[in-house]
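Only one structure is covered here, and it is reproduced in the block below.
The values are calculated or read from the model by the stated rules, or taken from the named source; none is laboratory data. This structure is a prediction, so every number in the text was calculated from the model and none was measured. Cβ coordinates were reconstructed from backbone atoms using ideal geometry, including for glycine residues, and neighbour counts include every protein chain displayed. For accessibility, only protein heavy atoms count, side chains too; no ligands or nucleic acids. Shrake-Rupley method; radii C 1.70, N 1.55, O 1.52, S 1.80 Å.
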Amino acid sequence: MTTDSLRSGPGANGRTSRDRARLPVRAHLPACGAAAASGVPVLDVVVPVYNEEKDLRPCVLRLHDHLSRTFPYAFRITVADNASTDSTPAVAAALAAELRGVRYVRLEEKGRGRALRTVWSESDAPVLAYMDVDLSTDLNALLPLVAPLISGHSDLAIGSRLARSARVVRGSKREFISRAYNLILRSSLAAGFSDAQCGFKAVRSEVAERLLPMVEDSGWFFDTELLVLAERAGLRIHEVPVDWIDDPDSTVHIVRTAAEDLKGVWRVGRALAVGALPLDRLARPFGDDPRDRALTGVERGLARQLVGFCVVGVLSTLFYLALYSLFRLGVGPQLANGGALLLSAVANTAANRRLTFGVRGRDGAVRHQAQGLVVFAIGLALTSGSLAALGAATGSPSHSTELAVLITANLAATVLRFLLLRAWVFPARACPEPEPEPEPEPDSEDVR
């Protein structure tokens, strides 16, 4: 299956790629008995290899033994051979014939990302994982890695060598390169995950189905690109601290891999900057994110309204002070204050109506302005009373003193103004209960 065929065009059931891009609500996978009865493994662990005739057999034997003893679900181990030129194919084929739940896939082109894309795209398992053939990561982290995906809690899971409680044994050179690379990701792509290149990751199949067509890299940057896109799309990434021992015989070319990774960072960063990636199509339907639920009797958006009110308030205060200073040149302080406060109150109500409380259209605009003027009257009483008290106390105060008193009075009225606007002028409207979406009829691609 090619990348182009995944990117566009209707599927066999007539749905377009845009229709298929919408992620379903996460659900807990069936329990062990139900999964075994279906004959489909819950977990498919991919081991990508290239010329690993020495390490492949002990790796698969150890992994198969661990899963057989500790993993409570049906599993499969897939050896993905990236065009090996040694006896790796023969070793892999022998393992597939010897061990139940082991299969061998041959690719005629190199690239870890290409191997994962191919196997994951064709796998029928609901949870897909991969690990490096050297098994540097302790296998006791495998079940904690995939458990959040099985339960429906998370979309992807990664092992992290840089987490606080991880225990890692490796040389200073690799440690420096790893931390420097993740620092670059954090600073340039605003990545929130801690370790992009640990060869120990898992993903739910429906997430992989939507994400893989967007991932261009077929080499070592594949992991990073997948994680960055998932994070930018708002998917949940679970991190597991791992025990990790460096493989001194690793054949990875550090300099060449680092150069390719930096090229990938530039490419993905540029695509994100210009909005070339349709990440909005990965949004989950209503009901998976509690922030999207429209519930009656529950007030929402308080934090956003406070921010909007503060921004509008700062701008209104500056507008008010500018008007007061202008009017004060020709009239006394009381008239200047009244005129400036009236005009700024009208502008403040209009801005809060649209920006803070999200009211659109002309319906109720006159009533809102009338109620806003009542709130204005309260502010006028506070500020005018403050000016009167200042005049009585000092006789002839300076302009700067007047401004200081007015600012203090306005701050005192701010809390009351927000509460009146939110509870009286723009009260929260009850949200109707959403109608459940009709469930699609199962087809050949949906039935596992």
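Points worth noting:
- Meeting the requirement of 1 or more residues that are farther than 29 Å from P30 by Cα, the strands (runs of 3 or more DSSP E) wholly within the range 124-243 are 167-169.
- Test: T257 is over 18 Å from the mean Cα position of the chain (by Cα), of a type in the set (V, I, T) and either part of a helix (DSSP H, G or I) or crowded, with 21+ Cβ neighbours inside 10 Å (or both): yes
- Test set (1) modelled with pLDDT of 90 or more; (2) open to solvent by 40 Å² or more (accessible area, probe 1.4 Å); (3) of a type in the set (A, V, I, L, M) - V242 fails condition number: (2)
- Look at (1) at pLDDT 85 or above; (2) closer than 20 Å to L390 by Cβ; (3) open to solvent by 30 Å² or more (accessible area, probe 1.4 Å) and you find that T317 fails only one, number (1).
- Leading residue by the ranking (farthest from the chain's Cα centre (by Cα)) among those in the range 120-138 that are crowded, with 17+ Cβ neighbours inside 10 Å and within 14 Å of W244 (Cβ to Cβ): D134
- Residues of the range 119-141 satisfying the condition of being of a type in the set (A, V, I, L, M, F, W, C) and within 25 Å of R106 (Cβ to Cβ): V119, W120, A125, V127, L128, A129, M131, V133, L135
- Scope the range 377-399; condition among the hydroxyl-bearing types (S, T, Y) and either open to solvent by less than 60 Å² (accessible area, probe 1.4 Å) or in a helix (DSSP H, G or I) (or both); matching residues: T383, S384, S386, T394, S398
- All conditions but one from (1) of a type in the set (F, W, Y); (2) open to solvent by 70 Å² or more (accessible area, probe 1.4 Å); (3) farther than 17 Å from T408 by Cα apply to F327; the one that does not is (2).
Yes/no per residue for (1) buried (at least 20 other Cβ atoms within 10 Å of the Cβ); (2) modelled with pLDDT of 95 or more:
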{"residue": "L149", "(1), (2)": "yes, yes"}
{"residue": "R167", "(1), (2)": "no, no"}
{"residue": "A196", "(1), (2)": "yes, no"}
{"residue": "F200", "(1), (2)": "yes, no"}
{"residue": "V203", "(1), (2)": "yes, yes"}
{"residue": "G234", "(1), (2)": "no, no"}
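- Top-ranked residue in the range 95-117 [being part of a loop (DSSP other than H, G, I, E, B) and charged (D, E, K, R); ranked as most open to solvent (accessible area, probe 1.4 Å)]: R100
- Filtered by the rule that a residue be buried (at least 20 other Cβ atoms within 10 Å of the Cβ) and in a helix (DSSP H, G or I), the range 46-94 gives L56, C59, V60, L63, L67, T88, V91, A92.
- Close pairs (9 angstrom Cβ cut-off, 6 or more residues apart or separate chains): without any contact (Cβ under 8 Å) to a residue 12 or more places away in the chain and farther than 12 Å from A381 by Cβ in the range 334-346, part of a helix (DSSP H, G or I) and not charged (D, E, K, R) anywhere: L335/F327
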